[in-house]
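What follows is calculated from the coordinates using simple rules that are stated; it is not laboratory data. All of these numbers come straight from a predicted model, not from anything done at the bench. Virtual Cβ from ideal backbone geometry, glycine too; neighbours counted across all protein chains shown.
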Amino acid sequence: MHNDRPDLYICTDHLLVYSIKHMTPSVCEGDMMDDSQKHRILMVSDFFYPNFGGVENHIYYLSQCLLKLGHKVVVATHAYGNRSGVRYMTGGLKVYYIPWSPFVMQNTLPTFYGLLPIIRTILIRERITVVHGHQAFSTFCHEALMHARTMGYKVVFTDHSLYGFADVGSIHMNKVLQFTLADVSQAICVSHTSKENTVLRSGLPPEKVFVVPNAVDTAIFKPAVDRPSGSEIVIVVISRLVYRKGVDLLVEVIPEVCRLHPNVRFIIGGDGPKRVRLEEMREKHSLQDRVEMLGAVQHVQVRSVLISGHIFLNSSLTEAFCIAILEAASCGLLTVSTRVGGVPEVLPDEMIVLAEPDPGDMVHAIQKAISMLPKIDPQAMHNRMRELYNWHDVAKRTEIVYDRAFKCSNQNLLERLSRYLFCGAWAGKLFFLVMIVGFLLWQLLELWQPADDIEEVPDFTLPCSCDEEMLEKNSVK
Amino acid sequence: MFCCFHSSVQTSKSKSQLRNRNTNCDSAAPHRGDSGRDGRSFNPPRSRGHCRGKGPLRSGAILRFALASNECEFWARVGSPSRTVYSISFCPKPFRVNFVMYALISMSKSVSGNGCDMESPHSQNSPRRTLSLSKKRRATASCFDPDEISSGFGLSGDHGPKPSEVYGFVGSITTVVATVIFLVWAYVPESWLQSVGISYYPSRYWALAVPTYVMVTIVLMLGFYIGLNFISTPSPASLNTVFDEFSRDPLSLECTLEDEKPIEPISDIGIDRINDIMFKNNAA
């Protein structure tokens, strides 16, 4: 230690020493990864439990399957109310609820460098090798990816949504995405339509983007042993009642279908700002006995709602993928959906009836589905879904993406900065400046709190008898 | 800055033309800000649901012969020239002029369209109502437009490009124009402006003051935000670091002998168990 002290007064030598020190562990890590192929993954997003949605479920199920494959998974998200700090969840999944207040729609305020110290601490404490960001409009995710690339980590990004190209929000969001993904190692999209959308928006080379679809836990979503019989036909709708889920289409479609088919009944699950419109529609057309509204449905209750129906109706206006129709098909329901985004890629033609997002066409599709209903075998549909969509298969494909990311060569700062310059005539220079300042701040943190002084978390594995102990505890309760 | 927005405009223009597939992607982005709110308030959500599925380059509707006072007909007539202007890529000025005109018309149209939500009997002349499917509205539609029923409901998507895209495009052009005007006002000498004939403009002081105010506001906002986050951090001895209202106990697994086992539902493992696993094994 005495020999290191004179170097503190010579900045150039100090930076060189730190860069040499930084390169050595990455080489060792590379060797370790080539031998064992076990990754240590940090999932970052603004969206995780206790919030509910497709991104949250995706992160949770993917993490569970990666843990079963032997990798270590840590999730970082912002605090949700009183849920702040570190939690250990099912399967030993460690979740950092960083006390960072959400600003709008569960997104944190973009601060450029505010998250750098704590992200750096987490990456060093957990000895992370891959940072996996989720969702294009998660500011937490973008900041974490930016800082991880500054520190030289491998970065993978998963895009879960489709965006436009010409409205004001999309123009700004696409520029941010171009900045964040300029230096990403690999990207994942949930459908081919989503891949096309992301490549056009961010300017990523298409060979860097993989298509790994969402999946469904077919063991949970099983058909009913005895199907609801009788002359009544039940159509189930489960989604958040917001604009982009097409609730305004439902307001037009449901009265018309109820008029044309007196034996049709609707079950609507979900809550949101558009629920009032559905209530008004029910009042206006006197459909209280034929349109049942359940309110918010917890994910554990979704199956019991689905198996009480024959047809699942999805009226989204934009979808990169649609997990809800996977769950419905796994329960043996025939699906009627709008032909938007990646929805036509999800199911085979005999399981789904597609319609344009137009009330008349949707009514025709529902009529066609009602005529197809006698030929549907729920158990055969469930077995087909088990082969097509499985979270373990998604985890294996994601593992391939991680291995591909590790085969990418490491790049120094100059090569990365030249890539940011290509983002635009003026935006490129701004991005260049942001990355330079980020690099300098990271070096300052290395001086202030060296990586060697940060304590690493000991590794552990949940014993196999954990399930039995949990059973004993619950039996005692 | 000028080249940046110009390239952004070109990028968005070329990308929108490349969108051949029916990828309707106007999800509610949090960064949309005021324009998203304005777009949502001015346009009735019912009609927006109709128009989402159609691309801007889809062929126009068949123009119907009706009274000139019919608002729907006026809408269709005005919509067609803006669609034909898409193909004239070498003449940008009429393109912008037509789009500004179209934006104004769509705003006035959507204001009258808000009357649909009030459901008053006096709004029977609204064009949105003729696209409705309900029985009561179909009766009123048959009185005014007998041809509407025979053509089906495919007309709902033939009203030209989406208003949010028009706002985005006009916003980009307006930003470029405003930037040029600002730079001219801030940097061109006063004698040059007077020689051209511009003798009245705001004081140059604001060319320095307003950007400085904005930058200081942003820096202070970030500082306050980070400070608020530090204030809201629970203390290490707080109960909320290990337990909260969202904590779930592990559910007892059903002992089924089926071949596929479901992924366990989300739950918390208590800190006491984690401590036993991490440190008792090390001690042993």
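Which links in A:195/A:429; A:175/A:429; A:68/A:94; A:222/B:261; A:245/A:274 stretch past 18 Å when you go from one Cα to the other? Checking Cα-Cα distances, A:195/A:429 exceed 18 Å.
Shielding of peptide A:248-255 by partners, expressed as the average count of other chain Cβ atoms within 10 Å per residue Cβ, is 5.
Peptide packing for B:167-173, A:185-191 was compared via the average number of neighbouring C-beta atoms within 10 Å per residue; ordered from the highest value, the list is A:185-191, B:167-173.
Calculated FRET efficiency, residue A:447 to residue A:368, Cβ-Cβ distance, R0 = 45 Å: about 0.10 to the nearest 0.05. Between residue A:377 and residue B:184, the modelled labels are 7.5 nm apart [label points 7 Å from Cα along Cα→Cβ]. Per residue, the convex hull spanned by the Cα atoms of region A:224-306 measures out at 86 cubic angstrom.
The protection proxy used here, the mean number of other Cβ atoms lying within 10 Å of each residue, ranks peptides A:318-327, B:206-215 as follows, highest first: A:318-327, B:206-215.
With K and R counted +1 and D and E -1, the other residues having a Cβ less than 9 Å from that of residue A:135 yield a net charge of -2. Modelled label positions at residue B:235 and residue B:264, each set 7 Å beyond Cα in the direction of Cβ, lie 3.4 nm from each other. At an R0 of 22 angstrom, the distance between the Cβ atoms of residue A:410 and residue A:68 translates into a FRET efficiency of 0.15. Where only DSSP H runs of four or more residues are counted, chain A gives -14000 deg cm²/dmol as its mean residue ellipticity at 222 nm, each run worth -39500 (n - 2.57).
Pairs of Cα atoms nearer than 8 Å and 6+ residues apart set the relative contact order; for region A:240-305 it is 38 percent. A cut-off under 11 angstrom between Cβ atoms defines the neighbours of residue A:77, and their net charge, with Lys, Arg +1 and Asp, Glu -1, is 0.
A simple spin-label model places the labels of residue B:206 and residue B:272 6.7 nm from each other, with each point 7 Å out along Cα-to-Cβ. Per-residue mean of foreign Cβ neighbours for A:213-219 is 2 (Cβ atoms of other chains, 10 Å radius). Residue A:183: net charge of surrounding residues, Cβ under 9 Å, Lys/Arg +1, Asp/Glu -1, itself excluded? After counting each charged neighbour, the total is +3.
Counts of other chain beta carbons within 10 angstrom of each beta carbon in peptide A:358-365 average 5.
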